[in-house]
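Just below is one structure, and these are the notes that go with it.
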Amino acid sequence: MLRVSLREISAALKEGQVTPTELCQRCLSFIKATKFLNAYITIAEETALKQAEESEERYRRGQILGDLDGIPVAVKDNFNTAGIETTCASNMLKGYIPPYNATVVQKLLDQGAVLLGKTNLDEFAMGSGSTDGIFGPVRNPWSYSRQYRDKCVQNSHPEKEDSNWLITGGSSGGSAAAVSSFTCFAALGSDTGGSTRNPAAHCGVVGLKPTYGLISRHGLIPLVNSMDVPGILTRCVDDAAIVLGVLAGHDPKDSTTVQDPFKSFELTCFTDASKLCIGIPKEYHAPGLSSETLALWSKAADLFENAGAKVIEVSLPHTRYSVVCYHVLCTSEVASNMARFDGLEYGHRSSMDKSTEVMYAATRREGFNDVVRGRILSGNYFLLKQNYENYFIKAQKVRRLIAKDFVNVFHSGIDVLLTPTTLSDTIPYVEFIKEDNRTRSAQDDIFTQAANMAGLPAITVPTALSEKGLPVGLQFIGRAFQEQQLLTVAKWFEKQVKFPMIQLQGIMDHGHTDSHHQKSAFFS
């Protein structure tokens with residue numbers, strides 16, 4: 001029951017095959033069974049069961065609110081949730097209970113969704129491994145999959161402490177792990193430079209970053225105001241479209257959301273790919289790209305070509321400056337946003353109170369980890385009067401050139417760009433922590449952050465298993481506000497590749513028959 005798609009479970013609820021309360025209880029018990037993954041920071045059991053009971057009553061009366069009524073969801077712990085602790089995985093906000101819901105959270109609740117809890121992340125969403133929060137790292141469910149263990153690990157007992165467990169990617173690793181391990185049917189992440197798409201690719205789920213301005217950021221604790229977008233994580237493209245339909249649209253509380261009304265859409269399966277033009281950016285053939293991912297990318301391009309689509313190599317010439325440009329703009333906005341955490345109004349406050357200045361300094365030293373403090377220092381350096389023109393203003397100009405590259409490509413007739421999402425499949429935690437956070441983030445954001453700087457929609461689709469039995473995803477980047485076209489292409493691709501479902505040993509029922517193909521036909 002927990003393995004099916006959001007659309008399928010919604011149909012089962014409507015047909016009375018399962019009740020919202022039963023479904024909620026199953027998810028909550030499964031969250032407890034997979035506690036060792038550390039996907040959740042807070043489990044809102046009491047609230048969730050109450051919401052499920054209210055949903056059940058609506059089903060009894062025949063007054064359901066929509067496709068999400070009674071569906072268990074999870075939310076990244078950098079979205080405000082009224083009455084539920086919101087920490088950003090930081091000492092600075094530990095114990096903070098917001099008085100209001102983020103707009104996207106409220107929209108989910110208004111549609112009857114059941115909020116199971118808040119998911120783990122890198123502190124203040126700064127990282128690409130979900131390893132740097134105060135609640136500890138998130139473990140990738142694929143570490144315990146039969147596919148991976150049959151190939152790489154001898155001892156398959158899931159709770160045994162070993163050094164082979166894999167990272168989820170980040171910073172929305174908790175949300176990706178929650179969806180991948182069947183504890184919820186959809187989850188919210190945030191995406192500033194790839195924080196939804198990166199963990200989605202590593203955990204074998206779909207990760208959608210919508211166009212900037214399509215979904216409200218009100219109540220999302222800001223990292224980089226000009227790039228932050230709420231992200232959607234689901235197990236298939238159809239489900240992402242359903243959640244997008246609920247979340248999209250203008251919000252008077254967020255002046256950056258577009259005024260045009262959003263029409264939700266149902267994805268159709270197009271059969272004629274001949275009218276499609278797919279762009280392959282040559283600059284994305286980057287150093288460090290694994291031969292396996294490169295082969296998959298090439299094979300995916302062939303798949304479209306064989307179906308009759310036009311596949312054209314394109315150039316995004318300013319791509320080579322994008323990671324450096326992103327770093328300057330990201331840290332500058334981080335420095336500005338983090339100034340609000342001063343120990344006066346909310347969050348942590350140091351007991352060192354010899355003077356206001358001493359209290360400020362001690363609060364920030366105690367409240368932020370090294371990663372956050374490092375980004376604040378970098379950002380403040382770039383914003384110094386003598387550096388402002390040479391760094392921040394110059395980076396803004398380069399950002400404009402990067403965005404213009406995409407405009408030029410789409411004006412040339414390209415419908416969708418096809419790229420890798422990550423350099424390779426995921427790696428063990430012990431390998432990941434050999435490099436510092438800044439180095440890892442620069443490597444891991446290489447294919448994803450340009451879409452944030454250009455404000456474009458992008459989606460990662462799980463494509464195949466690597467030789468180690470781990471998921472590899474590919475990314476589609478679309479034209480601004482053309483989510484319907486982007487998701488239609490992604491759905492067609494998803495149908496062709498038949499990505500295999502994760503087989504969790506010792507956790508799920510071994511006798512369960514999967515509705516997905518056991519072996520990806522695409523990679524064989």
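The values are calculated or read from the model by the stated rules, or taken from the named source; none is laboratory data. Please read all numbers here as calculations on a predicted model, not as lab measurements. Cβ atoms come from the backbone with ideal geometry, glycine included; neighbour counts cover every protein chain shown. SASA here: full protein model, heavy atoms, side chains in, ligands and nucleic acids out. Shrake-Rupley method; radii C 1.70, N 1.55, O 1.52, S 1.80 Å.
Quick look at the numbers
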quantity: Coordinate range along principal axes, alpha carbons of the chain, Å, largest first; calculated: 65, 53, 53
quantity: Student exercise, the chain dipole from Lys, Arg, Asp, Glu Cβ charges, in Debye to nearest 20; calculated: 660
quantity: Percent carbon-and-sulfur accessible area, the chain, ignoring ligands, DNA and RNA, probe 1.4 Å; calculated: 51
quantity: Charge context of ASP342, other residues only, Cβ under 14 angstrom, K/R +1, D/E -1; calculated: 0
quantity: Protection proxy ranking, peptides 258-264, 94-100, average beta carbon neighbours within 10 Å, highest first; calculated: 94-100, 258-264
quantity: Label-point separation in nm, GLU305 to LYS495, each point 7 Å along Cα→Cβ; calculated: 2.3
quantity: Solvent exposure of the chain as accessible area per residue, Å², 1.4 Å probe; calculated: 39
quantity: Over the chain, relative contact order from alpha-carbon pairs under 8 Å, at least 6 apart, %; calculated: 17
quantity: Sequence of PHE270, PHE79 from largest to smallest accessible area, 1.4 Å probe; calculated: PHE270, PHE79
quantity: Percent antiparallel among DSSP beta bridges (both partners in the chain, rounded to 5); calculated: 70
quantity: Antiparallel content of DSSP bridges confined to the stretch 15-122, in %, to 5; calculated: 45
quantity: Positive-end extreme of charge dipole, the chain - chosen from GLY288, LEU188, SER424 (charges on Cβ); calculated: GLY288
quantity: Electrostatic dipole magnitude of the stretch 369-517 [Cβ: Lys, Arg +1; Asp, Glu -1; Cα centre; debye, to 20]; calculated: 740
quantity: Rg ratio (alpha-carbon, reference 2.2 N^0.38 Å) - the stretch 109-226; calculated: 1.12
quantity: Candidate residues LYS275, LYS491, LYS434, LYS394: accessible-area rank, largest first, probe 1.4 Å; calculated: LYS275, LYS434, LYS394, LYS491
quantity: Per principal axis, descending, Cα span of the stretch 318-430 in whole Å; calculated: 63, 42, 24
quantity: Percent of alpha-carbon pairs separated by more than 21 Å within the stretch 292-375; calculated: 59
quantity: Accessible area in the full protein assembly, largest first, 1.4 Å probe, for HIS348, HIS411; calculated: HIS411, HIS348
quantity: Cα convex hull of the stretch 27-142, projected area averaged across orientations, nm²; calculated: 7.7
quantity: Relative contact order, percent, the stretch 357-495 [alpha-carbon distance under 8 Å, six or more residues apart]; calculated: 23
quantity: Residue-span extension gain [THR439 to ARG58] - 0.36 nm each, minus C-alpha spacing; calculated: 132.1 nm
quantity: Cβ-Cβ FRET estimate between ASN390 and GLU266, R0 fixed at 45 Å, reported to 0.05; calculated: 0.35
quantity: Nearest-10 value in Å² for the accessible area of THR86, using the 1.4 Å probe; calculated: 0
